[in-house]
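Worksheet: one structure, shown below.
The values are calculated or read from the model by the stated rules, or taken from the named source; none is laboratory data. Just so you know, these numbers come straight off a predicted model, no measurement behind them. Neighbour counts run over all protein chains shown; Cβ positions are idealised from the backbone, glycine included. Surface areas here come from the heavy atoms of the whole protein model, side chains and all, with no ligands, DNA or RNA. Shrake-Rupley method; radii C 1.70, N 1.55, O 1.52, S 1.80 Å.
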Amino acid sequence: MDAELTKRLHATRLTQGEVRALAGHLPPTDEELHQLIESLVTAADEDGVPALMFAMVAGGRRIEARVLPGVLPLLKELNAVVVVALQARGEVAEKLMAAIESGILGWEREAVLLLIAGWICVQGDPERELPSHLIPKARSLARDVRGGWEASLPLFALAQITGDQGLQKVLEDLIPPPPPGVIQTTLEYLIERPAADPLGGLPEQMDRVLASGAPLRRAVAKVGRNDPCPCGSGKKYKKCCFEKDQERLHHSSEIAGITTEELEAMPEPFLTREKIEEMRGPKLARLRIEMLAPALQATLLERLAVFQQTDALLAAWEKVPWRADLFSAWDHCVFEMAQSGRRDAVERLMALHRPPADQEDAPLNARLLLLRDRPEEFLRLIEEVLLRSLEEPNNLDYVDAACSLAEGHLPGLGTFVARGAACIASPIDAEILFESIAKVRDQLNLPPEDPGEWMLDRLFEMPEELDEQTREDLATARRQMDAAAAEATRLRTQLTETRVQLERQERLAVRNKPASATTVVPAQASDAALAELRHRIDELKTALKQRHTERNALRRELREVLKEKADFQNPPAKVLPDTAAAVAVDCEEEALLESEQTPLQTVRLPVFPGRFAQTLESFPTNVARSALRLIGELAAGEPSAFVGVRRLRLRHDVCRARVAKDYRLFFKLQPATLEILDMINRRDFEKWLKTLG
């Protein structure tokens, strides 16, 4: 790849003017351009790929559908994802589905790409059929997002343009449908505008903003122009390193003393749990787990499993020595790999860190996956699990067994086992079981409502704490829900019978097609009968939809009451308005210096005051653990531990760090030691400050 072009790609800001200028520097042939795309995708270049894609659009260059699965995960902004998907040519819908099935895009992007794939087939190319797994995937995604508007709105729009009643019902079960105007706005924003003006979402020119997102920290310490140069040359700063530092300053990052290039080359020492959780698949796969703080390694492993970055996940596990605190992450990774049917990955994870004698500790779905080609042992394990649940009333392994069967290679058997298990399950476990059943129905594109769902409405007891009026209202709502369910069943039966009649009439109409003018009257009568049956079917569909809507609203009402019951029985800690707390926060801010750049720290030996053990014992266990973990990272010089550390105005040698939101750790940075001074609740900050003075 041309180094000069790569540098230009990275220097290009996403404005209309700059991407149009970049378009003139692209390789002249499509083959060279495709090689450039492949090299950027291989390098997981999240800066170069968006610039190249917009430049190709600006220059009228063809984006081949075959590159979409590799390119789409590297686009940071949703606007770029939409533009590239709409401008691609070839088997676009199929390649969009391949990108979605990879599991590395995230829910919002998956929903938008499903909408675009559906739009291409329905309106962009009406002769093209929808991919067979598009609607099942949309239904499954609707259940996963559970009403999040960022993903739900594109799915509602997809249901509208495809006319799929199953997807519409799944969505309406989870969230009230948006007004039609909102869906039209969604289509305009995600389809019509980007299709008509692909560069319209980019600014014409870049505002004078250095960066968005996290605040920038100076990559160079602030030095007066006439001060001695920090490099030790003896010259004035303006005659020595000033120019060089000014250039470095233009590459400042969110980490003090570090440029964007340095942070990109080595992000691991500066990562926090929140930053890792915000990353997507390709960027996660590039992280070197051995350079992460041990406390963050489990988070990375779990995120790699969620994004189905299997190769990177296995490579990371090979580099991490087994520790007891990683068992939960290992269990999560094994479960996710088994859920996606990756037997090879499950076997590798089991071989890496779990000896064969301890395989019973692995998730049940993984153990069943490993026995799939040994039916006798497979059935024996299922039987052992179910018998154990029969013998031990509090053993809930039967829920895992039913879900593993339903979501594995025996969905039919699993569905019927899950229905039976729901009869004895708690309300929460019953909902989990019916979620597994719903996934099966989504995959098979069956009607969303399972015949056994009536059990869910019978599993909830009437809350005892309700007053008589509320109890009566709730009982009325339940009776109405039962009536709506019965009416829905009756309408569904009538709809099925009417459809059968329509099919019979259509076959007869084709068979008795009039051959001469003498048979015109019977033909007209037949057409009238067909029209009446179709009208009747439309009426039944409308009525059935109304019953479903009523029932779902009543069910949500019932669950809200039950949630109130749970909140009543387990009230959260009461938080009263406390002006003293607000005053304490203001006092703390006034007592602290501004954040400053934090140079890389050396390793220091922690030194504790005499009564620090008693101090920790006075705090909740999780707070004490967080404090000790932070002290260890500060002593080790971990850069991420120093993010947010500030010095006191009163005593510049005293530093303050936050612990578990409401607690504060105070310490001094000595040349060879980390001197711990005290730890307090933030409410006591003013009092503690007076003792320090």
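Taking the Cα-to-Cβ direction at Met291 and at Arg658 and moving 7 Å from each Cα, how far apart do the two end points lie in nm?
2.7 nm
Extension gain Ala3-Asp30, at 0.36 nm per residue separation less the Cα-Cα distance, in nm?
Extra length available between Ala3 and Asp30 comes to 7.8 nm.
Taking a quarter of the surface of the Cα convex hull of region 1-80, what do you get in nm²?
One quarter of the hull surface, i.e. the mean projection, equals 4.7 nm².
Non-local amide H neighbours of Asp678 (under 5 Å, H modeled in plane, Pro and chain starts lacking H): which ones?
HN-HN under 5 Å from Asp678: Phe666.
In terms of the Cα gyration tensor, with a ≥ b ≥ c the square roots of its eigenvalues, is region 164-312 rounded because a/c is under 1.5, prolate because a/b exceeds b/c, or oblate?
Because a/c hits 1.5 or more and a/b fails to exceed b/c, region 164-312 counts as oblate.
Work out, step by step, the length gained on full extension between Asp400 and Val603: first 0.36 nm times the residue separation, then minus their alpha carbon distance; give nm to one decimal. Before the final figure, lay out the partial values.
Values: separation 203, 0.36 × 203 = 73.08 nm, distance 4.68 nm.
My answer for the length gained is 68.4 nm.
First select every other residue whose beta carbon is under 11 angstrom from the beta carbon of Glu77; then total the charges, Lys and Arg +1, Asp and Glu -1.
With Lys, Arg at +1 and Asp, Glu at -1, the net is +1.
Ignoring ligands, DNA and RNA, what percent of the accessible area of region 270-344 is carbon or sulfur (1.4 Å)? Display every interim value, and only then the final one.
Values: 1650 of 3310 Å².
Roughly 50 percent of what the probe reaches on region 270-344 is carbon or sulfur.
So what J values fall out for region 630-646 if you push phi through Karplus, 6.51 cos²θ - 1.76 cosθ + 1.60 with θ = phi - 60°, rounded to Hz, Gly and Pro as x?
Per-residue couplings from phi come out as 5, 4, x, 5, 5, 5, 7, x, 5, x, 5, 5, 8, 5, x, 6, 9 Hz.
Around Ile258, which amide H atoms from residues at least 5 apart in sequence, or from another chain, sit under 5 Å from its own amide H, with H modelled in the peptide plane?
Hits under the 5 Å cutoff: Ser253.
Which FRET efficiency, nearest 0.05, do Arg273 and Arg388 yield, Cβ-Cβ r, R0 35 Å?
Calculated transfer efficiency: 0.45.
Whose amide H sits under 5 Å from the amide H of Leu592, counting only residues 5 or more places off or on another chain, with H placed in the peptide plane?
HN-HN under 5 Å from Leu592: Arg649.
Separation between the Ile424 and Arg323 pseudo-spin-labels, each 7 Å from Cα along Cα→Cβ, expressed in nm?
Here the modelled spin labels are 4.2 nm apart.
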